[in-house]
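What follows is one structure encoded as structure tokens, with my remarks underneath.
Only the coordinates and a few stated rules stand behind these numbers; no lab work does. Given the structure is predicted, the values throughout are model-derived calculations rather than measurements. Note that each Cβ is placed from the backbone with ideal geometry, even for glycine, and that neighbours are counted across all protein chains shown.
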Amino acid sequence: MSAYIYVEGGASGAHADGSSSKYLTIRCQQAFHNLLTRMGFNGRKPRLVACGGRGKVYDRFCTAQQLGGAMEYVAMWIDSEEPMVDIEQTWKHLAGVTTVAVWEKPVGARDDQILFMTTCMETWIIADRATLQAHYKQNLNSNPLPALVDLECRSRGSVQDALVRATKDCQNAYSKGERSFGILEKLDPDVLKLHLPSFVRVIRILNEKL
């Protein structure tokens with residue numbers, strides 16, 4: 001069975017650090033491919049398509065959902081944006097997210113076609129303290145980072161702000177784009193599984209579909 005996953009990330013234009021849209025799209029796909037290898041999916045990976053903003057992810061997903069064959073798995077891999085009441089009720093969650101445009105559930109779409117980073121990719125990054133320390137080395141300030149309990153209940157803004165403050169004295173201080181992909185691809189799935197129920201869900205679904 002062929003599988004396509006449309007990923008939130010990459011860029012629709014030039015990035016602030018001068019990186020081109022094409023380069024960031026390639027780096028995004030590469031980072032998620034490398035993470036999938038670490039997750040145990042080497043040799044049975046889906047086709048990853050980095051779309052840039054989440055609106056474009058939804059548009060590409062809807063088109064693929066409409067055109068895809070009955071045996072094809074099509075999914076979105078996106079930030080949940082807000083904490084979730086029930087990580088299995090993904091379309092219901094999207095209907096209630098107030099920070100972005102409301103997405104209508106396409107005909108025939110299922111909850112297992114949405115793979116969430118809850119509440120955002122930075123939640124995954126701050127969950128793996130050993131990899132974070134190895135990546136940023138001695139200039140990392142761990143004091144702003146939240147406790148590892150109930151990480152998925154923390155707001156997107158607070159998580160991102162904590163990561164920025166923790167790395168502000170590092171030469172490669174955290175930012176969206178190339179630097180975020182550079183650490184995402186190094187994360188340890190075994191550590192993430194300890195702290196992030198939504199990550200466990202992603203692995204479970206991909207094991208069923210790939």
Which of the lysines could be linked to K193 by a straight reach, that is with a Cα gap under 22 Å, when you skip same-chain ones fewer than 8 residues away? K45, K209
For 176-184, 86-94, ranked highest to lowest by mean beta-carbon neighbours within 10 Å, the order is 176-184, 86-94
Can you list the aspartates and glutamates whose alpha carbon sits under 16 Å from that of K176, skipping same-chain ones fewer than 8 residues off? E8, D17, D79, E81, E122, D161, E185
How far, in degrees from 0 to 90, does helix 197-209 lean away from the longest principal axis of the Cα atoms of the chain, to the nearest 10? 40 degrees
With R₀ set to 41 angstrom, the calculated FRET efficiency between the beta-carbons of R165 and L194, to the nearest 0.05, is 0.95
Could you point to the residue in G157, G108, Q133 farthest towards the positive end of the range 81-158's charge dipole, with +1 and -1 charges on the Cβ of Lys/Arg and Asp/Glu respectively? Q133
Take the Cβ-Cβ distance between K176 and L148 as r, set R0 to 22 Å, and report the resulting FRET efficiency rounded to the nearest 0.05. 0.45
What's the angle, to the nearest 10 degrees (0 to 90), between helix 21-38's Cα axis and the longest principal axis of the chain? 90 degrees
Ranking request for peptides 189-202, 144-157: highest mean number of other beta-carbon atoms within 10 Å first, then the rest in descending order. 189-202, 144-157
Viscosity 1.002 mPa s, 20 °C: Kirkwood-radius Stokes-Einstein D of the range 3-209 over Cα pairs, µm²/s: 123 µm²/s
Mind giving me the nanometre distance, one decimal, between the label points for N139 and S2, set 7 Å out from Cα along Cα→Cβ? 4.6 nm
Relative contact order of the range 3-209, pairs being alpha-carbon contacts under 8 Å that are 6 or more residues apart, as %: 23 percent
Using a/c under 1.5 as the rounded threshold, could you call the range 39-130 rounded, prolate or oblate? The axes a ≥ b ≥ c are square roots of the C-alpha gyration tensor eigenvalues, and prolate needs a/b larger than b/c, oblate otherwise. oblate
